[in-house]
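Reading through the structure tokens given below for one structure.
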Amino acid sequence: MVERGAPLPLRLRSVFISDIHLGFKGCSADLLLDFLHHVQMDRLFLVGDIIDVWSMQKSMFWPQSHDNVLRTILGKAKRGTKVIFIPGNHDEVFRDFDGAVFGNLEIHREYVHQGAGGRRMLVLHGDEFDSVVKCSPWLARLGSSIYDLLLAANPYINRVRRLFGLPHWSLSSYLKNKAKTAVQYIGSFEEAVAQAARKRGVDTVVCGHIHRAEMRDIGGILYCNDGDWVESCTSLVEEMSGELRLIDWPKLLDQVAVARVAVPVGEAA
């Protein structure tokens with residue numbers, strides 16, 4: 001459990017999270033657990049790469065915190081939350097169970113969610129729009145190995161940063177956003193996903209895969225990427241009113257902690 005001050009429980013209609021990468025050393029399982037313990041939702045969408053089978057095939061890594069994430073998710077399903085699991089490329093073995101229903105847990109290749117107010121939202125992981133993954137799987141795995149090294153460094157960097165009171169930061173995300181080719185790739189990926197949503201007749205698309213939280217209009221399609229729980233630790237949420245917004249959990253925790261410190265002694269509720 002994160003030791004910083006946290007907001008009161010959030011009551012939400014839907015929560016979209018992806019790219020958790022359980023089984024990978026760079027997974028921010030403790031931050032995710034903290035988030036899950038502070039949100040209540042009617043629907044929880046797991047938008048791919050929840051379990052990093054690729055990483056576990058190379059070396060087995062499964063600490064208690066990763067087990068706790070799965071237990072918490074299944075516990076929410078048991079208590080009435082509808083959980084929709086949409087496998088990604090790192091946990092593609094579960095795509096063989098497309099259409100399977102286990103109580104409040106369902107597995108789908110992709111899913112159309114009916115948002116409040118009639119919004120139709122296409123939910124998918126997004127790797128099918130990644131030309132490298134689609135056309136050259138071996139190259140994707142090579143690139144993933146290099147990327148994994150950067151991701152694995154993030155927890156160690158942030159431990160040091162916390163000692164100096166600095167906020168959560170991602171080396172891999174910083175380098176990715178600075179690289180011109182990466183920026184061009186992200187733009188092409190977002191355009192391709194929006195085009196697919198347009199062809200399917202929906203007005204909104206939600207995806208993950210590229211570990212970059214974003215909400216923007218692309219030719220009349222609302223493109224939403226819920227980010228990840230390795231680099232940014234973000235989630236897309238649907239309010240009870242139907243409004244969509246991104247939550248940056250580390251930043252929100254820091255803001256709440258600062259607000260609590262700013263309240264004069266004796267005035268806190």
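The values are calculated or read from the model by the stated rules, or taken from the named source; none is laboratory data. Here the structure is a predicted model, which is why all the values come from computation and not from measurement. Heads up, the Cβs are rebuilt from the backbone with ideal geometry, glycines too, and the neighbour counts pull from every protein chain shown.
Scan segment 110-128 for residues that are in a strand (DSSP E or B) and in contact with an Asp or Glu (Cβ under 7 Å, 6 or more places away or on another chain) and report the count. Here the count works out to 3. Of all residues assigned to segment 39-56, none qualifies as being surrounded by fewer than 16 Cβ atoms within 10 Å (Cβ to Cβ) and in contact with a helix residue (DSSP H, G or I) (Cβ under 8 Å, 6 or more places away or on another chain). Checking each residue in segment 83-109 for being of a type outside the set (A, V, I, L, M, F, W, C) and either buried (at least 19 other Cβ atoms within 10 Å of the Cβ) or part of a strand (DSSP E or B) (or both) picks out Pro87, Gly88, Asn89, His90, Asp91, Glu106, His108.
So which residues in segment 39-95 are closer than 20 Å to Gly26 by Cα, in contact (Cβ under 8 Å) with a residue 12 or more places away in the chain and of a type in the set (S, T, N, Q), if there are any at all? Ser55, Ser65, Asn68, Thr72, Asn89 - these are the residues of segment 39-95 that are closer than 20 Å to Gly26 by Cα, in contact (Cβ under 8 Å) with a residue 12 or more places away in the chain and of a type in the set (S, T, N, Q). Taking the numbered list (1) in a loop (DSSP other than H, G, I, E, B); (2) crowded, with 20+ Cβ neighbours inside 10 Å; (3) modelled with pLDDT of 90 or more in turn, Val193 passes all entries but (1). Applying the set (1) at pLDDT 90 or above; (2) surrounded by fewer than 12 Cβ atoms within 10 Å (Cβ to Cβ) to Leu163 leaves exactly one unmet item: (1). The residue of segment 198-251 that is nearest to the chain's Cα centre (by Cα), among those that are on the phi > 0 side of the Ramachandran plot and buried (at least 19 other Cβ atoms within 10 Å of the Cβ), is Gly227. Restricted to segment 14-81, the set of helices (runs of 4 or more DSSP H) holding at least 2 residues that are more than 24 Å from Glu110 (Cα to Cα) and within 12 Å of the chain's Cα centre (by Cα) comprises 29-37.
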